[in-house]
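The values are calculated or read from the model by the stated rules, or taken from the named source; none is laboratory data. Fair warning: this is a prediction, and the values are worked out from it, not measured in the lab. A quick note on method: Cβ atoms are made from the backbone with ideal geometry, for glycine too, and the neighbour counts reach across all protein chains shown.
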Ligand SMILES: [Zn+2]
């Protein structure tokens, strides 16, 4: 994967965390409370794994990191239908 900003090769890994991550479109206010219902109302995209997380790296998105631009690209295509 080549970085869309600088064009350098981006090493592959996973994007880990504690789960319950979401994409919130620009213009939506950040919710005071987090629930699936509230996030859906704000047109957020819930990203796997869920709040219980996963110890199996196959449950996390593949990710590519540009150390120059400090930018990550995550691929959820194998986790979402
Ligand atoms: Zn870059």
Query raised in the report: Within the stretch 4-21, how many residues are closer than 17 Å to residue 36 by Cβ and at pLDDT 95 or above?
Result: 0
Requested in this report: Would you be able to tell me the number of residues in the stretch 21-52 that are at positive phi and in contact (Cβ under 8 Å) with a residue 12 or more places away in the chain?
Outcome: 1
Report summary line: All-but-one check, residue 25 against (1) loosely packed, with under 14 Cβ neighbours inside 10 Å; (2) within 16 Å of the ligand (Cβ to nearest atom), failing number (2)
Report task. Could you check the stretch 28-81 for strands (runs of 3 or more DSSP E) lying wholly inside it with 1 or more residues that are surrounded by 14 or more Cβ atoms within 10 Å (Cβ to Cβ), at pLDDT 95 or above and within 16 Å of the ligand (Cβ to nearest atom)? Result -> 62-66, 71-75
Requested in this report: Evaluate the stretch 13-21: report whether one residue or more is in a loop (DSSP other than H, G, I, E, B) and within 16 Å of the ligand (Cβ to nearest atom).
Outcome: no
Report summary line: Exception for residue 5 within (1) more than 16 Å from the ligand (Cβ to nearest atom); (2) in contact (Cβ under 8 Å) with a residue 40 or more places away in the chain falls at (1)
